[in-house]
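In what follows, a single structure is set out as structure tokens and then discussed.
The values are calculated or read from the model by the stated rules, or taken from the named source; none is laboratory data. Note that this is a predicted model, so its numbers are computed, not measured. Counting neighbours? That spans all protein chains shown, and the Cβs are built from the backbone with ideal geometry, glycine included.
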């Protein structure tokens, strides 16, 4: 019975996604002139620049509405329910203690912020640009003033790769993409990707507003799987039938528009609204279905960055699994192997941050520990306050 339900859910998801794919070129969300006007530092303060930001303002406003309405409805249901009075009396009590930010997390956020800034405005402000070296990160190739090229365009448009670029550039493309993929792996997702920063900001907003999110479970991650495989199929296959994956990629609504590039938004605009709302309630929602992230994750076995586990120190509390935004269960269930690195792991360090046992989990690079679990760090949130 459960297997039939999964098949039905998968079929429904595929039908919805195929319907979106069919209307991608005929159902524009917001259209700008296809000619991108030249950018300069002066234009950041101009009316033309603000006009280019208009679709992002619309997406943000619709997303905010999509977040506020469910929260208000849920609050209303709780208040008028049988336990409404008790709920109101309990609000604000029993909240989880706040840990002191670790150096690792501060560094991670700092690198994400700087890299995203440089990818979006670096070429515009500093004139730094490389069209040969490519990074397998959704830096969005529609932004023609970013620092480096993103490999996502040519990977999703293989016909253009082999027909538009000379042999030398093709070799450099594959060499640089493979080099960064092997050296960094999905560290790029946790430390460099601008879309990752946007999703983490949405998660921070939820925590700051003390809004209850969606508790992840195995059923949720089961639903993600067919969506992820459809996105992978779309990413690698749509270019062969004359389609354009950029019409579906939510990243195109962020990087080029913020840099002042006029772009056309089709299904990507609707998907970005879904990603913003979803990331508010479920951390790193898009990372669970990102096709480029999956491709990078395939090389996790040869990446120098690893997640190590001391199974003898593990007390099977499950804090690591609950904290993981990618729903990686093996990090909790593994009882023998020291290396618990998974293809889906974005190296965000959340499992290590929440682990209450010293050295039970650690993030290593070429065998050297960069970040380890610490009971003292976890318990710092329970430290008595000075009166």
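Below are the figures for this structure:
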{"item": "Selection status of residue 237, in contact (Cβ under 8 Å) with a residue 40 or more places away in the chain and more than 15 Å from residue 279 (Cβ to Cβ)", "result": "no"}
{"item": "Any hit, region 345-360, residues being on the phi > 0 side of the Ramachandran plot and crowded, with 20+ Cβ neighbours inside 10 Å", "result": "yes"}
{"item": "Set 154, 180: member being in a helix (DSSP H, G or I), in contact with a strand residue (DSSP E or B) (Cβ under 8 Å, 6 or more places away or on another chain) and free of Cβ contacts under 8 Å to residues at least 40 places away in the same chain", "result": "154"}
{"item": "Filtered residues of region 192-211 (kept if surrounded by fewer than 20 Cβ atoms within 10 Å (Cβ to Cβ), assigned to a loop (DSSP other than H, G, I, E, B) and either within 11 Å of the chain's Cα centre (by Cα) or free of Cβ contacts under 8 Å to residues at least 60 places away in the same chain (or both))", "result": "209"}
{"item": "Cβ-Cβ under 7 Å pairs, at least 6 apart or on other chains, region 212-229 side in contact (Cβ under 8 Å) with a residue 12 or more places away in the chain, far side surrounded by 14 or more Cβ atoms within 10 Å (Cβ to Cβ) and assigned to a loop (DSSP other than H, G, I, E, B)", "result": "213/282; 214/282; 216/282; 216/327; 221/327; 224/289; 227/289; 228/289"}
{"item": "Check on residue 163, surrounded by 20 or more Cβ atoms within 10 Å (Cβ to Cβ) and either closer than 25 Å to residue 201 by Cβ or modelled with pLDDT of 85 or more (or both)", "result": "no"}
{"item": "Qualifying residue in region 103-124 (condition: in contact with a helix residue (DSSP H, G or I) (Cβ under 6 Å, 6 or more places away or on another chain) and assigned to a loop (DSSP other than H, G, I, E, B))", "result": "no"}
{"item": "Filtered residue count, region 160-173, keeping only those that are out of contact with any helix residue (DSSP H, G or I) (no Cβ under 9 Å at 6 or more places or on another chain) and under 19 Å from residue 235 (Cα atoms)", "result": "1"}
{"item": "Residue ID - surrounded by the fewest Cβ atoms within 10 Å (Cβ to Cβ), chosen from residues in region 313-341 that are within 18 Å of the chain's Cα centre (by Cα) and in a loop (DSSP other than H, G, I, E, B)", "result": "327"}
{"item": "Hits in region 348-367 - residues which are in a loop (DSSP other than H, G, I, E, B) and in contact with a strand residue (DSSP E or B) (Cβ under 6 Å, 6 or more places away or on another chain)", "result": "349, 355, 359"}
